[in-house]
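Coordinate-derived values only; no laboratory data. Please read all numbers here as calculations on a predicted model, not as lab measurements. Every residue, glycine among them, receives a Cβ derived from its backbone with ideal geometry; neighbour counts consider all protein chains shown.
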Amino acid sequence: MPWRETSVMDERLQFVMAYQAGEVGMTELCRAAGISRKTGYKWLERFLADGKAGLQDQSRAPHVQARRTAAAIERELLAVKRRHAGYGPKKIRALLSQQYPDVDWPAVSTISGLLAAHGLVKPQTRRRRTPAYPHPLLPMEQPNAVWTADFKGQFATGDGQLCYPLTIADGYSRYLITCRGMPEISRIRVFRSFKQAFREYGLPDAIRTDNGPPFSNRGLGISKLTAWWWKLGIRHERIETGHPEQNGRHERMHRTLKAATAKPPAANLASQQRRFDTWRREYNGQRPHEALGQRPPSAMFGASRRPLPERLPEVTYPDGYVVRQVRQNGSIKWRSRLVFVCSSLVGDPVGLTQIDDQRWRVYFLQEPIGIFDEHLGKVLPM
């Protein structure tokens, strides 16, 4: 029998977890479970699409059985949906149950199928999320161990122009390296600001940011900035989504920045930048900081001993790696077909090492960035 009768969901979940752990190949797992490879990949694809819920048995019965739903009830359900376009099946059923408590209204799933059959439900697109950062965050025990960076929430200047302040700080000393007001969030502007900071203060060991653009992106989570930092030997740390406390020192500085510089509104962006510059000098050189023993950040900060190189080093891989060049569409050529990897790595080579008969671990420089599954024909996040 393909699956044991007891704890079928647990069996399927253990199967998927064992495959994702990368220790056993699909062929061996399917043989141990007594199922075909086709069935194994079916459960894997359902899990990747819908999580644990995708491992449940799916009924083949139609969602709507017209013979069991009276025509009058159908008309009333559809009428409510047309009057209240934003109502979903749960809300429609609750409303009608309150108005007509003696009627045996259909189940929510039946109402959902009825609305879909009449074209009254917009299909939901699954949001592609940035994968979680797979490593522990580094401690901030000395200057330039970790720099932190973020955009302070935008605000308007007196002429109506929005200002997006980019801030870069040293995590250990709280020294504010950059505070640059921008008219928009632009990767090119951010790139220039970091390049100026590197030239003036050298390179940190790591830079910690959130998961938003331009620091990260969907798919494998690698942005153009990430790739550039890796080439410079800088680790890019990303905090967990919904956990700003992991960059708490930076968030606290932002509150002080806003209170000191945002009100009353400056006349324009240039005037606002002068405010930022004045406040940054005071914050770094004069303002006592309690966590630093009432010393200012400048007393604890010094430039890095790693200067910005004139040219980026060449991307190479050890012997034994299969190397493929990332093409203009973000794909690599693999056995006469194109496999999408990442648009941020266009023009750079990636390295692959084999895990089993179907899977390869994909690297950019020394960083593992994904798992290429030949059967699925795509690269999955780590």
Global geometry of the chain, whether rounded, prolate or oblate, following the gyration tensor of its Cα atoms and the 1.5 cut on a/c: oblate
Residue among Leu114, His250, Gln272 farthest towards the positive dipole end of the chain, charges placed on Cβ: Gln272
Overall form of region 322-380 per C-alpha gyration tensor (a/c, 1.5; a/b vs b/c): oblate
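Dipole magnitude of the chain about its Cα centre, charges +1 at Lys/Arg Cβ and -1 at Asp/Glu Cβ only, in debye to the nearest 20?
On the way: 59 positive and 36 negative charges, 248 e Å.
Magnitude of the dipole: close to 1180 debye.
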Principal-axis tilt of helix 37-50 within the chain, Cα atoms, nearest 10 degrees: 60 degrees
0 to 90° range, to nearest 10: angle between helix 187-201 axis and the chain longest Cα axis: 40 degrees
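Considering only the other residues whose Cβ falls under 10 Å of the Cβ of Ser216, what net charge follows from Lys and Arg at +1 and Asp and Glu at -1? Write out the running numbers ahead of the final one.
Working: positive: Arg218, Arg238; negative: Asp210.
That works out to +1.
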Sparse-neighbour loop sites [GluC sites (Glu not before Pro); region 156-256; at most 13 other C-beta within 10 Å; DSSP]: Glu184, Glu240
Helix axis angle, 248-261 relative to the chain longest principal axis, alpha carbon, degrees: 70 degrees
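Filter the cross-link list Lys42/Lys90; Lys42/Lys378; Lys333/Lys378; Lys52/Lys90; Lys152/Lys258; Lys38/Lys122 down to pairs whose alpha-carbon distance in this structure exceeds 20 Å. Working shown, then result.
On the way: Lys42/Lys90 30 Å; Lys42/Lys378 15 Å; Lys333/Lys378 12 Å; Lys52/Lys90 23 Å; Lys152/Lys258 8 Å; Lys38/Lys122 31 Å.
Pairs exceeding 20 Å: Lys42/Lys90; Lys52/Lys90; Lys38/Lys122.
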